[in-house]
Each structure stands twice: as structure tokens, then as C-alpha cells.
Amino acid sequence: MAIALAGCVIGAPMAPVQVPASHGQLNLCTGAPALPPNNLASNPNYVEFSVDVIDSTGAPTIGLAQSDFVATENDRPVPIAYFRAEQDRPPVAIGILVDKSGSMVTKLPVVSASVDALLPKLDACDEVMLYAFGMDPIVVQDFTTDHALAAERLKLIGAWGGTPFYDGVSQGIARLDASHYPDRVAIIFTDDAPGLLGSPSLDNGSTIATRNGIVNSALNSQSRFFVVGVGKPDAKQFPIGIGIGPWAIGSAPNGVGAADLKTLATDLQGEFYLIAAEPDENAPKVKVQPRDTGGVEATPSYYPLAADPGEIEQFATALASQIDRHYTIGLITSGPAATNHITIKASRGNARTTFHQIKVTSATP
């Protein structure tokens, strides 16, 4: 007999849920951002940042001028050498990294609905890669501009097993770095579900990567990161489900560790979103998907979670607006190592200023 704890079956070994290979169309575009003057781009100490100013509703603030921004290096003012308010952005490579561990069994429908809402808001030239991580990580959909195909492929993912979160995210970042476009965005869907002792357990299976390792990798990748927590914020903090035949005893693994995920997003210099959801008792039940439990079926079934459609739409609109690049600011720093000590802020009250370094491209002589 096998026993399922927090959506994970413990007992007989489980084979991975296979996802058929697929190659979607890839229609790359040649759009590129305006370039800084060559005298700046050729300066080894010149660095550029993509900058967004986010108001209290999560919407970007547009129409700002160079004089609205202040840059510092080690708390000392740095003149802004180059400024550009973006009218159109270049194409972006987007990696959607989905946690498919057992605790995500009730949450994958919410992830799918969220991605369904997000992808139509992207530019048609944006390439999308879908990577599912867990005990058997897999590229569910390699880079494609067929966004509808990517959304359908996501629905093939099944949940089971533990959470080697750091290994999975590290591998996902590495795959994203192989994109065709230099401007990259990673969107991580996970839950940080409570473990057996009732506390959030972001990772319980990594053997290669560490939290510090993925943070350093993220900061050096020049990619933008969005961490999306999915689950029921007030769910029981000690979910144990035991299935015996058609019966299930215990609570569903619906929890989400929002505080820890928000800290992770901050460490990645990214943004955090929480998609709160409730059990949908009108939907067919779901369960983890081991191929073989070794005899007696002991995998409990649960009602899947569902989020308010308005909240999902608001999430998709806010995230898509942040993927758009709104301002580019160039600085001449004291040296390559100084980029870790740069701060850029806009003088706009309670608005938040987010920024990340981007690759500088010189004009062809």
C-alpha cells in the first residue's frame, strides 16, 4: 500500500508522467531597441538598465522624463548618461517554469488558466518556452511563437513526487539562456506548500543547486524574474491525505507559502504575485499521477482549486505590462563590479521603481 502525503505518494517507486515531444512554429522577428551613441556603448564602464515604475495598482507609470529619475552608486549620485522612453519594445524570450510536484495537484488548473490569460497579451513575436520541474523535469514546449500551442501543452502536465525546486529552477534558467532573443523573462509558478512539520518547504529534493546558487545565477543572467504563488492562503498548514480505494482521509495540499515566495522574488530582484484560489466542488476531482503504485491504489483525490476569473485577468494584465520595457537608462559606473551597487529611483511618491541590467549593443560601424 502507498500513502499520499501532501499530494505526494510515498511507497512504491513511480514512473514519470510522459509528455509527447512537440516542435511548435518559431517565427522570429528582427525588431531591436534603439542603440546608445557609440561613444557610450564602447565605454567598458557603460551599463544599461531596463526600468519600470509601478504604481499602487500594479500598473506601469508612463510619460516620465529623464529628470524624474535619480541614479546612485554606493549611495552617491551618478549622472544619467543615456535615457530613452520606450514606445515599442523588442521581442522577448519568456520561460514559463512550472512546479509539478505532488502538492501542485490541485493548483495546476489555476496555473493553466493564468497562462491562458497571459499569453494572448504578449507580442506575436515573443518566443515562449515551457519547462516543468519536479522529480522528472522536462521541456514541455521548446521555444515557439505559437502561444496557443504552448497553452495547450501546459494542460498535459501531471503532478507527483517531491520538490527539487532549486535544481529545477536552475535548469530552467539555463534553458532560458539558450533563447534566440537577448531580452529574457522567467515566470516561476509554485506553491511553497507546507511540509510535514507544517512549515513552508520550498525545496525538499535538490542535489545540485542551492538557493544562493540560483539567486547568483539569476542576478548574473540579466533576465527578469516573476515568482507566482498559487494556492489557498488560509489552508490547513499540515495537509496529510491518505487514500484507500475510493476513499480519502485528510486535507488537500492547497496551501501556499506566500511570505517565503515573496522573499525569494526579492532576492531575485524580481516581482511576486499571489493568485489566491478556493476548491471548486463542481469540478471533477484530481489526483497525483504515478504510473504504477505497486498494487493497491492509495492515491487520494481532491477538488481542484479555482481562482476568480477577474483576479486571473488582473494578474495577466499586470504581468504583461511589466514584461513591456518602459524606460532605458544608461550610466557610466566606476567599473564592472559597481553594477551590484547601483540604485535607480523615480520621484513618484509611493510608486515602486524596478530595474535590471540589460545587454548593451553597439551600432555596426
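The values are calculated or read from the model by the stated rules, or taken from the named source; none is laboratory data. Not measured: the values here are computed from a predicted model. FYI the Cβ positions are ideal-geometry reconstructions off the backbone, even for glycines, and counts take in every protein chain you see. Quick note on the areas: whole protein, heavy atoms, side chains included, nothing else; ligands and nucleic acids left out. Shrake-Rupley method; radii C 1.70, N 1.55, O 1.52, S 1.80 Å.
Only residues that are of a type outside the set (G, A, S) and out of contact with any helix residue (DSSP H, G or I) (no Cβ under 9 Å at 6 or more places or on another chain) were counted across the range 315-326, and they come to 4. Yes or no: D68 modelled with pLDDT of 85 or more, in contact with a helix residue (DSSP H, G or I) (Cβ under 8 Å, 6 or more places away or on another chain) and among the charged types (D, E, K, R)? Here the answer is no, as D68 does not meet what is asked. If the condition is being outside any helix (DSSP H, G or I), of a type outside the set (V, I, T) and open to solvent by less than 50 Å² (accessible area, probe 1.4 Å), then the range 153-172 contributes G158, A159, W160, G161, G162, P164. Within the range 112-147, the only residue that satisfies the criterion of being β-branched (V, I, T) and open to solvent by 50 Å² or more (accessible area, probe 1.4 Å) is V139.
Scanning the range 270-289 for residues that are surrounded by fewer than 16 Cβ atoms within 10 Å (Cβ to Cβ) and farther than 22 Å from G102 by Cβ returns a single hit, N282. For A150, the criteria (1) farther than 23 Å from T30 by Cα; (2) in contact with a helix residue (DSSP H, G or I) (Cβ under 7 Å, 6 or more places away or on another chain); (3) crowded, with 21+ Cβ neighbours inside 10 Å hold in every case but one, which is (1).
If you go through the range 230-265 and keep only what is β-branched (V, I, T) and at pLDDT 90 or above, you end up with V230, V256, T263. Taken together, the residues in the range 63-90 that are assigned to a loop (DSSP other than H, G, I, E, B) and surrounded by 14 or more Cβ atoms within 10 Å (Cβ to Cβ) amount to 4. In the set (1) among the β-branched types (V, I, T); (2) closer than 24 Å to T317 by Cα; (3) outside any strand (DSSP E or B); (4) touching a strand residue (DSSP E or B) at 6+ places or on another chain (Cβ under 6 Å), the condition left unmet by V98 is number (3).
Residues that are open to solvent by less than 10 Å² (accessible area, probe 1.4 Å) and part of a strand (DSSP E or B) within the range 173-193 comprise V185, A186, I187, I188, F189, T190, listed in sequence order.
Each residue in the range 334-357 was checked for being open to solvent by less than 40 Å² (accessible area, probe 1.4 Å) and modelled with pLDDT of 80 or more, and 8 of them qualify.
The condition (being modelled with pLDDT of 85 or more, of a type in the set (S, T, N, Q), surrounded by fewer than 18 Cβ atoms within 10 Å (Cβ to Cβ) and assigned to a helix (DSSP H, G or I)) is satisfied by just one residue among N220, N216: N216. Residue pairs whose Cβ atoms lie under 8 Å apart, separated by 6 or more positions or on different chains, with the first residue in the range 347-359 and under 15 Å from F69 (Cα atoms) and the second open to solvent by 80 Å² or more (accessible area, probe 1.4 Å) and outside any loop (DSSP other than H, G, I, E, B), are S347/V70; T353/K345.
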